[in-house]
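Report on the following structure.
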There are 2 protein chains.
Amino acid sequence: MELRVKLLGIRSGGKQIIVIDDEYASRLGIHSSDRVEITHKQQNVIAIANVATDFPKKTLGIYEEVQDKLKAQEGEMVQVRPAERPESLAYIRDKLMGRKLLAPEIKMIVRDVVERHLSDIELASFVTSLYIRGTSMDEVEALTKAMVETGQTLDFDKKPILDKHSIGGVPGDKTTLLVIPIVAAAGFTIPKTSSRAITSPAGTADRMEVLCPVDLTIEEMRDTVKKTNACIAWGGTLELAPADDLFIQVEYPLSIDPLLLPSIMSKKKAIGADYVVIDIPTGRGAKIKTIGEAHALAQEFIELGKRLDMHIQCAVTFGEQPIGYGIGPALEAREALSALIGDGPIDLVNKAASLAGLLFEMMGVKDGTQKAKDILESGEAEKKFREIIAAQGGDPDVQPEGIKIEKETVEIRSEEKGRIQWINNRAMAQIAREAGAPKTRGAGVLLSKKLGDKVAEGDILYTIFSGSAQKLESSVTLAENLNPIGVTGKFGEKMLVDRIPTKKISREKPFILER
Amino acid sequence: MELRVKLLGIRSGGKQIIVIDDEYASRLGIHSSDRVEITHKQQNVIAIANVATDFPKKTLGIYEEVQDKLKAQEGEMVQVRPAERPESLAYIRDKLMGRKLLAPEIKMIVRDVVERHLSDIELASFVTSLYIRGTSMDEVEALTKAMVETGQTLDFDKKPILDKHSIGGVPGDKTTLLVIPIVAAAGFTIPKTSSRAITSPAGTADRMEVLCPVDLTIEEMRDTVKKTNACIAWGGTLELAPADDLFIQVEYPLSIDPLLLPSIMSKKKAIGADYVVIDIPTGRGAKIKTIGEAHALAQEFIELGKRLDMHIQCAVTFGEQPIGYGIGPALEAREALSALIGDGPIDLVNKAASLAGLLFEMMGVKDGTQKAKDILESGEAEKKFREIIAAQGGDPDVQPEGIKIEKETVEIRSEEKGRIQWINNRAMAQIAREAGAPKTRGAGVLLSKKLGDKVAEGDILYTIFSGSAQKLESSVTLAENLNPIGVTGKFGEKMLVDRIPTKKISREKPFILER
């Protein structure tokens, strides 16, 4: 059927979408979400149909992604016909029915995801099926490999390649900003790609961006690694395992992440990592709640690593409270820099030294943690960090007090005396986000007390920093509701941990999705 | 945040959608598929965000559904903020996790479906979860009641109200066009609402529309029933259980229908049906393959009926081949009319008499099937059918030979002699659709032979009717590939029923979704 092109001037963020009137859709025999094939001169595009009512007749509305390929002008006639259903749909349906998929089938699905041949409905059903039916290790391996193959891969000269990754879930976790320079200072290559926050107050890329640009091109990344052995770049522009970003777009609204392992490991494989330490923060308010769960997940990482020719070490770390005191990009960047200078909180320093130490021990060093601490104390890690900042285009002479924090603040004080019994990670993250983090770099929360600390009545528990009076107010209101820190005279005095609300609080979105 | 309105001039078919640039989405803290609340003067609208890249900055693109409620003009400033997540999302997630839902929770979900507060991703995940996790009878009951309550309901004076429904899957099944006038001629009230084809070559509404209008208003429907005891209307405009149409939009691309029972029974309940016969065609090429499956499904219909104060009888009918000879709206309307006049194929007449007979027996008649046959043979059913056609605005004097069939034809002949061993329903339906049915009313397939018939070499097996030479050609090609009729010298001579292709034929969409 011939239809007249109407340019909609909308870029969907990758999806190839066309809009067509319902009468013409029905003449073509297509329904919403069906695929159509559009032909214009030599160009051929498969797009997903949005069926609209009241749309101009005999007209094909096209998103810019379609226009990029079709190169048709407003008002030109193009040929439209129903497209064949992608073969991958049959396998998505098989998974829905409970069948374990084979590697070539999974590859076909991932390829169609990356080429945008699947609709949101099909993707959502696939991700839901993966979650409910579960994935075998063969499936996880196939998913990972397919995600690597459908994206860019990097190859660095100076082997072996080391890497670290945290599965996330603990606010204030700026450990990467210490581990990378420590490892690089020891002469190892560690080209770190990182992500921005999705559901947390700060991702590693957000923290690092306070100090220098992180949206490096592949060339700039190579260059930085050549100069410094390392980098701390944002992975978003590098097209490493791009399927992951598309899966996340569906996982996020559903609050599930059945693709956790393939997602993390495909990005590691894509940069050619040989030795990787995976941090699994474990605690009631973290993503992983119990040591048992952490062990099960670690086994899967290790097995998947073997299948991908990577050496994996997993670290189960204490995740019952935030790491250090600062939560929010600038507060965390400042704290990390202070720690490298030699004035860091004990948990942050020990966590960084332990993780770097595990990597060192994988490389044959005897007491890895001690070596990491030595490098930190010698100032070599700080020097290396400043080199990395300079190589990425930031100011190498930056000082902690030079990092801008928002001025609007409220101090939250204790109404009783005693000791800190618990700190709710999830609530802390929500309060920091409500204050404006990660968008407002200088917003967030600065703790004054941590677990076990003594507290007098009226002592500051934490301070909220926000960029606007309005956000400050709403974060204080949230803080009052969530009451994220428990102070008690002695353990056992307060036994009521939580109440189950009779009505679900829909605003609260406890799901942690970080990569 | 204040944004400038841009009217997109697109009606999505009900969904409340806005488009926003990714930079502004991120400032608002929203992702694609998140909900936003838009305020303009006194108006307040919750809409689902499509996050676009390259969309004008500081601009809110709005679909016509949003504009209908917001009443903002192009260029006006409106307030936009993230909306709270609907409470129903927590229950959708619970179902995903495997929990059985409670009635008030299901009601909240269905209400949010009808009010368009859920995105495609959320709906797809819910439907997928319902399919994989299964639904308890309590859940089915709650779904059905919620679907009734969120739509229009009808109340007819002349009680009791009878109804019939087929779960579909057999091509050429024009039985309703006989059952309704037979039952109405006996003095019972049977206000039939029907649907158009979704995956088949003709729905009851498509068949009836060959003879008279079917898109009646509620008033016209009442009027027709008052005059004739019956009607055969299209349910699409009546807003009976509108949630169903929204679920179908997701079920169709996924080729699953976990909402079969609520879907059918909510529409029956909405018209106030007291006595209903449900036809379950059973056979290898039908939706239900085995008698065992049919019995299990029938039990569910009966139990659900009890919970809804409806009397249900289920008929397991022979579904191994098409009903009668014609497949496609006009061919079927002609055959149904002929049958009412007294010249009908034996299977069609017997099926109609059996189903009408079951309804009669529910009303206390002794030999229901005989009574149905008597009414058919006496010409009363034909008279009644013509009354219904007239009341709905059609020509009551229509004759079978007056119904227009397409002129482009190809006869498919047997290459061997013997008897018809099997007829593939699914293939027949596909060929009729490829020829243009149901859109082209006069297109379709006319069988010359049925199961068990003797065939000589060169005998016509069936004729394809199509509206265009191009469609005719592609349907003939499909017919050659699918080879839908098996002729054999004697049973046992051909034992190879099917081959499993090494590659999935993605074009073939075997799923039957009819309501």
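Computing FRET efficiency as 1/(1 + (r/R0)^6) for B:Gln73 and A:Leu7, where r is the C-beta to C-beta distance and R0 is 25 Å, gives about 0.65. Calculated from the alpha-carbon coordinates, the stretch B:70-140 shows an Rg and a Dmax of 15.5, 51 Å respectively. Can you give the FRET efficiency to the nearest 0.05 for B:Ser378 and B:Asp223, using r as the Cβ-Cβ distance and R₀ = 22 Å? The computed FRET efficiency comes out at 0.25. Hull volume per residue, based on the alpha-carbon atoms of the protein assembly as shown and their convex hull, is 190 Å³.
Computed from point charges on the beta carbon alone (+1 for Lys and Arg, -1 for Asp and Glu), the dipole magnitude for chain A about its Cα centre is near 580 Debye. With respect to chain A, whose longest principal axis is taken over its alpha-carbon atoms, helix A:176-185 is tilted by about 80°. Using alpha carbons only, how many degrees (0 to 90, rounded to 10) separate the axis of helix A:260-270 from the longest principal axis of chain A? Relative to chain A, helix A:260-270 is tipped by roughly 90 degrees. How tilted is helix B:137-149 with respect to the longest principal axis of chain B? Cα atoms for both, answer in degrees (0 to 90, nearest 10). Orientation of helix B:137-149: about 80 degrees from the principal axis. For the stretch A:1-88, DSSP calls about 65 percent of its internal beta bridges antiparallel. Solvent-accessible surface of protein heavy atoms, probed at 1.4 angstrom with all chains present, puts B:Arg99, B:Arg284 in the order B:Arg284, B:Arg99, largest first.
Each Lys and Arg adds +1 at its Cβ and each Asp and Glu adds -1 at its Cβ; summed about the Cα centre, the stretch A:289-429 shows a dipole of about 260 debye.
Placing a label point 7 Å from the Cα of A:Gly458 along the Cα-to-Cβ direction, the distances to the matching points in the other copies come to 11.3 nm, shortest first.
Annotation for A:Lys439 and B:Phe318: the two label points, set 7 Å from Cα along the Cα-Cβ direction, are 6.8 nm apart.
What is the gain in length, in nm to one decimal, between B:Phe491 and B:Lys159 on full extension, counting 0.36 nm per residue of separation less the C-alpha to C-alpha distance? Net length gain for the segment: 114.4 nm. Every helix of 4 or more DSSP H residues in chain A counts as -39500 (n - 2.57), and over all residues that averages to -12500 deg cm²/dmol at 222 nm. Between copies, B:Asn481 shows label-point distances of 5.6 nm, shortest first, with the point placed 7 angstrom from Cα along Cα to C-beta.
Take the Cβ atoms of A:Glu87 and A:Thr39, set R0 to 22 Å, and the FRET efficiency comes out at 0.55.
Placing pseudo-labels 7 Å out from each Cα toward the beta carbon at A:Ile341 and B:Asp54 gives an inter-label distance of 4.5 nm. Figure legend: label point modelled 7 angstrom from the Cα of B:Ser468 along Cα→Cβ; residues of the stretch A:25-68 with amide N under 14 Å from it are A:25-30. Working from Cα pairs under 8 Å separated by at least six residues, relative contact order for the stretch A:262-397 is 19 percent. Considering only beta bridges that DSSP places wholly inside the protein assembly as shown, some 55 percent are antiparallel.
Label points for A:Asp68 are taken 7 Å from Cα along Cα→Cβ. From this copy to the others they lie 3.4 nm apart, shortest first. Magnitude of the charge dipole for the protein assembly as shown, about its Cα centre and with charges confined to Cβ atoms of Lys, Arg (+1) and Asp, Glu (-1), is about 860 debye.
A:Asp367 contributes about 90 Å² of solvent-accessible surface, heavy atoms of the protein only, 1.4 Å probe.
Projecting label points 7 angstrom from Cα along Cα→Cβ for A:Lys306 and B:Lys454 puts them 7.0 nm apart.
In the protein assembly as shown, taking the dipole from charged Cβ atoms about the Cα centre, the farthest positive-side position among B:Ile291, B:Ser338, B:Ile10 is held by B:Ile291. DSSP assigns beta bridges within chain B; of those with both partners inside it, close to 55 percent run antiparallel. The base-10 log of I(q)/I(0) for chain B, evaluated at q = 0.08, 0.10, 0.12 Å⁻¹, reads -0.57, -0.86, -1.14 [Debye formula, identical scatterers on Cα atoms, solvent excluded].
In percent, how large is the relative contact order of chain B, given Cα pairs closer than 8 Å and 6 or more residues apart?
Details: 1097 pairs, mean separation 74.8, N = 515.
Answer for chain B is 15 percent.
Across the stretch A:200-308, the relative contact order, built from alpha-carbon pairs under 8 Å that are at least six residues apart, equals 16 percent.
The values are calculated or read from the model by the stated rules, or taken from the named source; none is laboratory data. Because the structure is predicted, anything quoted here is derived from the model rather than measured. Note that we place each Cβ from the backbone using ideal geometry, even for glycine, and neighbour counts take in every protein chain shown. Keep in mind that these areas ignore ligands, DNA and RNA; they rest on the heavy atoms of the full protein, side chains included. Shrake-Rupley method; radii C 1.70, N 1.55, O 1.52, S 1.80 Å.
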